[in-house]
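Values in this text are rule-based calculations from the coordinates and carry no lab data. Not measured: the values here are computed from a predicted model. Cβ placement follows ideal geometry from the backbone for every residue including glycine, while neighbour counts extend to all protein chains displayed.
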Amino acid sequence: MLPTCQVALPLPLPQLFDYALPDAVRADPGLVGRRVRVPFGNGEKVGVVAGLGGPADVALRAGELRRVSELLDDAPLLDGELLASLRWLARYLHAPLGEVLATALPAALRRGKPVPAADARPRRRRCAAPVEPVEQVAAPVPNPDQQRAIEAVLAAAGGFAPLLLDGVTGSGKTEVYLHAIADCLARGRQALVLVPEIGLTPQLLARFRARLGVEVHALHSGLPDGERARVWAAARGGVARVVVGTRSAVFTPLPEAGLLVVDEEHDGSYKQFDGIRYHARDFALVRGKALGVPVLLGSATPSLESLHNARQGRYAHLRLPHRAGAAKPAPVRVMDVRKLPLQAGLSPRLLDAVRAALDAGGQVLVFRNRRGYAPVLLCHDCGWSAHCRRCSTEEKPTAMTVHAGGRRLQCHHCGARQAVPPACPDCGGLALQPQGAGTERMEELLAERFPDVPVLRVDRGSTGKRDAMETLLAGLGDRPGILVGTQMLAKGHDLPNLTLVAVAGIDEGLFSADFRAGEKLAQLLVQVAGRAGRAERAGEVLLQTHHPEHPLLQVLVHGGYHAFAEAELAQREAAGFPPFAHLALLRAEGKHADPPMQFLHAAKALLRDGEVAVQGPLPAPMPRRAGYQRAQLLLSSSSRPALHAALDAALPAIRDSKEARKVRWSLDVDPVDLY
């Protein structure tokens, strides 16, 4: 009788696949976690051995099974804690194990490439400058708040402990990280640091290398596939002692783990929005518990979930209430722009403030969380506006954003692009005008108004190339100048000469239907405001709005983020929203509206747990995207086990339903938005 194995393949199917092992290979437990190449359909796929043998009927028909074509690894690539944690993640997300395991591997290894040697060094990029040896920089003396936090983290080093480092912007959270990592290294252990954006990585790497005196490895999607595989292998082999990476770095093997750090833990970038919809912060906590190491979550604006856990005693709550050194909090002034003339969305008073800050030798950040030239292209003669043909419906049109100084239209939802028409398609008029202002239009106006200083735009359009963010900020240096940017500039960047932050165009976020909108806007405003006055020079923050009396703004300005969080948590509890309830969102889409709704109605009939409330099915808040009609079903329960039990019971029948074959559908456990 031939020995068999069960292989997890990267397919959207919930089962494992049975294969006969090659003649020369024994069914040894050491096969589990090793990659194999197997025949599938008319081709081949690379999968991971997830088990040996199988049901009795599989053993009886082993001679009829297709054989494993090739065993790719000499030893398990996924094993121990990491494999166990990934199995847990597949169960929690109700996702196929094969897709979860594939997500955890670097792309080169998913394709079956050999594992690089653990001591391999990254190849030097062409024309790159020689790498200078690390000179270790002495650590500054921590202030009393930092010292208390450092002592608490070091005291937790003996086992799993979730710690929330809640510190205002500029309070020195990175110093606490560095002391904790240095202690981790002194104990002969590895440290993993997660950051939300690639753009934060170079600045953090330079600071860590200078202070820790060891090589610090980067792991993010901007690296070539081969380099990502080398860093992954170096961590797996224990060679990489400190790894700094974005969301997917949470899957890094850590055989000698000592500390996990999640910087800006509130940030939405930690959530994966397609494929396997995991949350890197939450999975870091799962791994930390399995590894028996502390997990340090840091933020100036902690998520309401983390604040709630801290208040319930589940997390240790470490506070840094004051800015480090001589830096003082920047005063915030709300600027009422009603009835004022606006140029590219900027008022005369705001432009005067920019001029004054520049004349005083400072730098200015003009914040607008909308990239492009203008949000809408409008015909002034007949009222026609440019809508995306793939994302609009009659009831809810989706505007195309104007880019390239008014020459190109682009949909920010599906990516569709087209040239701006020479005349109005409806009336033939020539009065096509961009309406509103994005970062490109603001950049254009500011460059005209302030030709004596550099004006640099920082958004997705200007920072697409590798190290582009670092290059832009280095080009500005310490001289007077203006940065025009989106939320990319609100995250973690240290700009010591920045004395004025001018926030424009926040009004759209004040009236969103998303229950998390207030939290997201409050975090964004506090984070971007915190860029001002971080060194010895005093700073100022101007919030430009048509709604100066809005409660959210009033609470933030007069009470700060924690006053907002207390009020928002009370509202969430009354409404039965997270963190006081647990959600899952079943999404479906099709070329026509009926099949998604029929699928969701069938799914709802199968979800019959009395402890789970089911809302819908309803059209999604964005009912059409990229040519597909979208609908959704929201599940909610005060009991997490009850929610998962209902999903476990219903999903097999949902997958097998005839309606499921007519749509594309997905399940999002713990969704961060309902779109």
Could you give the length gained on full extension between TYR675 and ASP381, defined as 0.36 nm per residue of separation minus the Cα-Cα distance, in nm? 102.4 nm
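Once you order the gyration tensor axes a ≥ b ≥ c over the Cα atoms, which shape class does region 582-669 get: rounded for a/c under 1.5, otherwise prolate or oblate by comparing a/b with b/c? Walk me through the numbers on the way to the answer.
Numbers: a/c = 2.35, a/b = 1.59, b/c = 1.48.
Here region 582-669 falls in the prolate category.
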So if I place +1 on the C-beta of Lys and Arg and -1 on the C-beta of Asp and Glu, and nothing else carries charge, what would the dipole magnitude of region 582-669 be about its Cα centre? I want it in debye, nearest 20. 400 debye
Is there a pair in LYS271/LYS491; LYS396/LYS591; LYS45/LYS658; LYS45/LYS465; LYS173/LYS491; LYS604/LYS658 whose C-alpha atoms are over 20 Å apart, and which pairs would that be? LYS45/LYS658; LYS45/LYS465
Indicate the gyration tensor shape class of region 294-450 (rounded, prolate or oblate), computed on the Cα atoms with a ≥ b ≥ c the square roots of the eigenvalues: a/c under 1.5 is rounded; otherwise a/b larger than b/c is prolate and the rest oblate. oblate
Expressed in nanometres to one decimal, the distance between label points 7 Å along Cα→Cβ at ASP336 and GLU151 is 4.9 nm
Dipole magnitude of region 144-320, debye to nearest 20 (Cβ charges: Lys/Arg +1, Asp/Glu -1, about Cα centre): 340 debye
Could you work out the local net charge near ASP656, counting Lys and Arg as +1, Asp and Glu as -1, over the other residues with Cβ closer than 15 Å to its Cβ? +2
Using only the alpha-carbon atoms, how far is helix 594-606 inclined from the longest principal axis of the chain? Give it as 0 to 90 degrees, nearest 10. 60 degrees
Sequence-distant or interchain residues sharing an amide H contact under 5 Å with LEU219, placed H: which? VAL244, GLY245, THR246
Computed [θ] at 222 nm, helices only, for the chain once each DSSP H run of length n ≥ 4 contributes -39500 (n - 2.57): -9000 deg cm²/dmol
If you fit an axis through the alpha-carbon atoms of helix 280-291 and take the longest principal axis of the Cα set of the chain, what angle between them do you get, 0 to 90°, nearest 10? 50 degrees
The answer for the net charge of residues other than VAL557 whose Cβ lies under 12 angstrom from its Cβ, with Lys and Arg +1 and Asp and Glu -1, is 0
Nearest 0.05, what FRET efficiency do ASP514 and ARG26 give at R0 = 51 Å with Cβ-Cβ as r? 0.40
Computed FRET efficiency, Cβ-Cβ of HIS547 and ARG349, R0 30 Å: what is it to the nearest 0.05? 0.95
If each part is reduced to its alpha-carbon centroid, region 605-621 and region 640-670 end up apart, in Å, by 11 Å
Cβ-based charge dipole, the chain, positive-most Cα from ALA191, LEU358, CYS379: CYS379
For a quick check: with amide H placed at 1.01 Å from N, whose amide H comes under 5 Å from ARG67's, ignoring anything fewer than 5 positions away on the same chain? ALA20
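Report the extension gain between LYS289 and ALA138 in nm, rounded to one decimal, defined as 0.36 nm multiplied by the number of residues separating them, less their alpha carbon distance.
Between LYS289 and ALA138, full extension yields 51.1 nm more.
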Reduced to Cα centres, the span from region 332-361 to region 284-330 in Å works out to 35 Å
Taking amide H positions as placed 1.01 Å from N in the peptide plane, with prolines and chain starts having none, which residues 5 or more places from ARG624, or on another chain, fall under 5 Å of its amide H? ARG630
From the backbone phi of region 446-459, what are the Karplus-calculated ³J(HN,Hα) couplings (6.51 cos²θ - 1.76 cosθ + 1.60, θ = phi - 60°) in whole Hz, Gly and Pro given as x? 5, 5, 6, 6, 10, x, 7, 10, x, 10, 10, 9, 10, 8
Cα-projected label distance for ALA117 with GLN418, points at 7 Å along beta-carbon direction, nm: 5.6 nm
Three principal axis extents, largest first, for the C-alpha atoms of the chain, in Å? 84, 67, 54
Could you work out how far apart the two model spin labels at GLN15 and ASP467 are, taking each label as a point 7 Å from the Cα in the direction of the beta carbon, and quote it in nm? 5.1 nm
I'd like the Karplus ³J(HN,Hα) series for region 298-310: coefficients 6.51, -1.76, 1.60, θ = phi - 60°, whole numbers in Hz, and an x wherever there's a Gly or Pro. x, 5, 7, 9, x, 4, 5, 4, 5, 4, 4, 4, 5
